[in-house]
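The values are calculated or read from the model by the stated rules, or taken from the named source; none is laboratory data. For clarity, every value in this text was computed on a predicted model and none was experimentally measured. With ideal geometry, Cβ positions are generated from the backbone for all residues, glycine too; neighbour counts draw on all protein chains shown.
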């Protein structure tokens, strides 16, 4: 039924509540590929070039990196290993930038035909202040979105 299932994860247990659903969907859709993604904030840092004959200020080169890119890769690898043990084909990808924008862009460009993500259950002022990545993805994307209500969230 589904060929490529996109699963955005942010490292939280709430986001991981989708994994049993993803496992069932992938198993029922023989040959489905699950793509686990994590989006980390893009920061611009500086690296020191090797030319020590110049002053330090002139030896710095700008470099864009993910703030938590290494940790995100390790995290996704652990989740992927658990799914692969169930016979599910899994790919991982760490994206740099704003979560909703990067998830939408990735889903469109990679031909994902389903996105499965958790609703973190924010309501009231918290939702207004922090926004809803899931809602933004829903509004900006053409692929179907399965939103799983996180256990213990408001209104559940």
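Observations on the structure shown:
- Residue that is farthest from residue 18 (Cα to Cα) [pool: residues in region 101-132 that are at pLDDT below 85 and within 16 Å of the chain's Cα centre (by Cα)]: 132
- Boolean, residue 90 is surrounded by 13 or more Cβ atoms within 10 Å (Cβ to Cβ), modelled with pLDDT under 95, part of a strand (DSSP E or B) and in contact with a strand residue (DSSP E or B) (Cβ under 8 Å, 6 or more places away or on another chain): no
- Cross-chain or 6+ apart pairs with Cβ under 6 Å, region 67-78 first and over 21 Å from residue 34 (Cβ atoms), then modelled with pLDDT under 90 and not in a helix (DSSP H, G or I): 67/40; 67/41; 67/43; 68/40
- Some residue of region 69-84 being modelled with pLDDT under 95, surrounded by fewer than 17 Cβ atoms within 10 Å (Cβ to Cβ), more than 19 Å from the chain's Cα centre (by Cα) and more than 15 Å from residue 146 (Cα to Cα): no
- Among the numbered conditions (1) touching a strand residue (DSSP E or B) at 6+ places or on another chain (Cβ under 6 Å); (2) assigned to a helix (DSSP H, G or I); (3) at pLDDT below 95, the only one that residue 39 does not meet is (2).
- Residues that are within 13 Å of residue 89 (Cβ to Cβ) and either free of Cβ contacts under 8 Å to residues at least 40 places away in the same chain or surrounded by 18 or more Cβ atoms within 10 Å (Cβ to Cβ) (or both) within region 8-24 comprise just one, 22.
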